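Structure first, commentary second.
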Amino acid sequence: MPRDSQTERRGAHDPIIEVRNASVTYDLEYRDAMVLDDVSIDLRRGEILGVVGESGSGKSMLANAMMDAVEEPGITTGEIRYYPERGSEPVNILDLSDEELRSLRWEEISMVFQGALSSFNPTMTVRGHFEETLDAHDYDVEEGMERARELLEDLYLDPDRVLDSYSHELSGGMSQRALIALSLVLEPQVLLMDEPTAALDLLMQRSILSLLDDIKEKYNLSILFITHDLPLVSGLADRLAILYAFELAEVGPSEQVVRNSQHPYTRALLRAVPSLDAPLETMRPIPGSAPNPANTPNGCHYAPRCPLATDECHEETPPWFDTADDQRTACFNHDDAGDAVPLELEVVES
Amino acid sequence: MSDQRNSTGSQTTDRDDETVVSLEDVSVHFEKEQGLVDSLFNDAQRVKAVDGVSIDIPENEVLALVGESGCGKTTLGKTIIGVQRPTDGTVTYRGQDVWDAKDGNRDASVSYGDIRKALQIIHQDPGAALNPNRKVLTSLEAPLKRWNSELSTEDRRARIFALLDRVGMQPPQEYAHRYPHQLSGGEQQRVALVRALLMNPDVILADEAVSALDVSLRVETMDLLLELQSQFNTSFVFISHTLSNARYLTEKAGGRVAIMYLGEIVEIGPPEKVLRDPKHPYSKVLRWATADLDPSQQELTDPPVRSIDIPDPVNPPSGCHFHTRCPEAREVCTTEAPELGDEAGQPGAHCAGCHRTDPDHEYWDSDPLDGVEPTDAPRPRGESDD
Ligand code: SF4
Ligand code: SF4
């Protein structure tokens with residue numbers, strides 16, 4: 001049963017992409033494997049939305065589904081609507097032809113994934129990549145290269161040096177930044193980023209995040225940032241969406257989700273993250289392991305690991321509850337989550 | 001999770017102060033690979049992966065080596081366990097020079113084989129370290145057959161099953177008959193850990209053993225490692241690029257953290273000091289890089305470095321290696337390399353290699369470099385240097 005199409009209320013916010021009841025299934029011999037299960041969420045114009053999930057939670061599927069880029073034989077269902085301007089007619093991404101998709105990609109919606117090295121052609125200079133991209137989309141190359149230089153500088157790169165290099169001559173952090181510059185050279189409105197910094201050192205990751213914050217303002221971008229690393233993104237993102245085992249568990253403003261989550265999984269995840277200052281005793285593992293896609297439990301996917309699970313949880317998919325201003329939680333027992341999975345963030349402040 | 005040793009205090013009493021491995025002024029330099037044309041016309045380029053490091057690993061030590069990629073932490077780790085030969089300096093195991101033993105020096109009191117057995121490693125990618133075509137049991141039996149050939153098949157297996165059970169792989173008989181691809185990443189890592197522990201080693205090097213795991217598994221895995229560490233009286237050297245993992249491991253075990261930058265240890269000491277109250281500007285930068293869950297600490301500020309990229313290790317900057325990025329660098333830093341201090345290799349000491357730790361250094365009268373905000377804070381004169 002589809003849950004919740006109405007929960008992201010229209011009107012109050014200005015969505016640039018609406019994801020509605022998006023599912024991705026793989027048809028296996030014996031049963032279907034669902035790797036994204038009925039996900040509905042908006043990316044709002046001008047925001048940074050952090051999507052947090054552990055490996056195998058379906059978070060990369062979400063990014064792929066949003067650009068109809070799920071690999072065969074995966075089947076994407078639901079709706080992905082793109083609103084180029086406030087109140088304009090939506091573009092239904094899942095209905096587009098390959099040709100239409102190709103031009104939408106890069107020009108309107110760009111994607112940056114982990115591991116720049118594999119995204120660059122090793123026999124072509126970075127300049128070659130910029131020129132080829134501009135050319136393939138019929139953009140003015142000279143003007144575009146001016147933009148490229150500015151973007152590279154925005155990302156703390158020396159344009160002359162980087163443009164004349166091959167990707168393997170650059171460090172991981174440099175080539176990943178060059179890739180971000182490349183993804184922005186056609187002036188897209190939306191940037192979808194899937195673990196864009198995961199292979200890098202923490203200092204570089206955090207540096208790139210602080211640059212993204214500036215770049216978002218300068219170029220009026222809306223950014224979807226997918227990561228397994230909750231603390232990394234919580235300072236950057238305006239809102240957080242927590243994904244567990246292919247479905248959304250909770251969505252809300254970052255600070256609220258971190259301070260005042262109403263979902264047992266979000267809270268357990270917050271507790272499981274080793275940090276620098278919190279007392280050691282407050283860090284606890286989450287018992288059990290996540291289900292695999294061919295074997296997701298009925299009802300709430302978190303039920304087998306959840307200390308609050310009741311019979312209802314094992315049988316029925318929890319609907320969304322509005323748990324605070326602009327925060328929604330998919331949990332029958334959200335009122336008790338705070339007591340069942342106590343967090344001691346407040347204690348940390350000293 | 002029974003054994004949560006108190007972080008301070010207890011260590012000094014129950015630590016056996018005998019040194020297992022000792023490094024003295026160790027350097028590891030690699031020739032950088034280059035094309036034929038380059039090699040005809042240029043001298044070979046040398047990367048100083050480890051540059052003049054001295055450190056002792058006592059029994060029951062938990063040491064975390066932390067730094068960005070390319071800082072030399074993995075090379076230093078491998079040098080500590082005697083699989084990487086230093087280009088300079090000496091590595092001794094219980095007083096025996098490791099590389100003398102390897103070279104067949106007849107006077108060796110400990111054979112190289114015994115040293116290798118005593119110093120074990122768990123790789124970052126345990127899947128790659130296990131033979132995919134062999135069952136877990138076969139992989140685990142091999143080293144025992146080699147090193148403990150006196151054991152009967154039965155005893156050998158009993159030992160393996162007991163350890164598998166100990167690391168939570170239950171029932172062990174069933175796990176022992178699986179192939180690596182039938183194990184999860186976390187389980188493969190436990191097998192690698194069991195393989196190391198079967199040798200009753202003195203030191204285990206764990207290379208990024210935790211950061212590859214899913215968040216929800218990290219604390220559990222670290223607790224297991226620490227339990228085994230104390231149960232087997234093994235010293236652990238953890239290599240990590242994650243400060244928060246390093247803190248968890250070392251603070252819980254009363255160990256040490258060493259921060260590395262371009263081949264050198266720049267700060268070393270107990271985690272409560274190095275991570276909470278860092279003295280070296282680079283350690284402070286790493287702290288900035290470690291996102292805090294506390295929402296009030298989350299605001300994204302600009303990186304507190306003058307350059308976010310690490311310089312080429314082939315040509316590390318003169319003087320203090322960090323001066324090209326350091327937010328506090330002054331003229332003198334470009335010419336004079338700071339010392340970490342003699343006591344730095346000793347357990348318990350907190351030392352940082354930065355001129356700022358010396359209240360009488362000419363640093364304080366030197367001009368700030370371009371892009372450095374001059375600090376008008378009074379000199380830390382009279383401050384004791386613990
Ligand atoms: S719905 Fe039930 S099982 Fe799911 S998180 Fe809430 S209490 Fe736990
Ligand atoms: S010696 Fe100078 S450059 Fe090096 S860390 Fe200290 S202040 Fe910075």
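Values computed for the structure shown
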quantity: Scan of segment B:216-249 for residues that are out of contact with any Pro (no Cβ under 9 Å at 6 or more places or on another chain) and β-branched (V, I, T), ordered by number; calculated: B:V237, B:I239
quantity: Pair list, Cβ < 6 Å and 6+ apart or interchain, from segment B:355-367 residues that are over 18 Å from B:V266 (Cα atoms) and part of a loop (DSSP other than H, G, I, E, B) to residues that are open to solvent by 60 Å² or more (accessible area, probe 1.4 Å) and at pLDDT 90 or above; calculated: B:S366/B:E331; B:D367/B:E331
quantity: Matching residues, segment A:224-236, being out of contact with any Pro (no Cβ under 9 Å at 6 or more places or on another chain) and within 13 Å of chain B (Cβ to nearest Cβ); calculated: A:H228, A:D229, A:L230, A:P231, A:L232, A:V233, A:L236
quantity: Selection status of A:I286, over 13 Å from the mean Cα position of the chain (by Cα) and crowded, with 19+ Cβ neighbours inside 10 Å; calculated: yes
quantity: Test: residue in segment B:322-334 that is part of a strand (DSSP E or B), more than 10 Å from every other protein chain (Cβ to nearest Cβ), in contact with an Asp or Glu (Cβ under 7 Å, 6 or more places away or on another chain) and under 30 Å from A:L280 (Cα atoms); calculated: no
quantity: Residue match in segment A:335-346 (condition: within 12 Å of ligand 1 (Cβ to nearest atom), open to solvent by 30 Å² or more (accessible area, probe 1.4 Å) and within 14 Å of chain B (Cβ to nearest Cβ)); calculated: no
quantity: Hits in segment A:204-230 (condition: open to solvent by 10 Å² or more (accessible area, probe 1.4 Å) and either free of Cβ contacts under 8 Å to residues at least 24 places away in the same chain or within 15 Å of the chain's Cα centre (by Cα) (or both)); calculated: A:E217, A:H228, A:D229
quantity: Considering residues of segment B:212-237 that are part of a loop (DSSP other than H, G, I, E, B) and open to solvent by 30 Å² or more (accessible area, probe 1.4 Å) only, the residue farthest from the other protein chains (Cβ to nearest Cβ); calculated: B:N233
quantity: Condition met for A:L152 (in contact (Cβ under 8 Å) with a residue 60 or more places away in the chain, assigned to a helix (DSSP H, G or I) and under 30 Å from B:V314 (Cβ atoms)); calculated: no
quantity: Conditions (1) within 25 Å of the chain's Cα centre (by Cα); (2) modelled with pLDDT under 95; (3) away from ligand 1 (no atom under 13 Å from the Cβ): number failed by A:D277; calculated: (1)
quantity: Options A:L62, A:L49, A:L36: the member that is assigned to a helix (DSSP H, G or I) and closer than 19 Å to A:H263 by Cβ; calculated: A:L62
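The values are calculated or read from the model by the stated rules, or taken from the named source; none is laboratory data. Keep in mind the model is a prediction, meaning the values are calculated, not measured. Every residue, glycine among them, receives a Cβ derived from its backbone with ideal geometry; neighbour counts consider all protein chains shown. Side chains included, ligands, DNA and RNA excluded: accessible areas come from the protein's heavy atoms. Shrake-Rupley method; radii C 1.70, N 1.55, O 1.52, S 1.80 Å.
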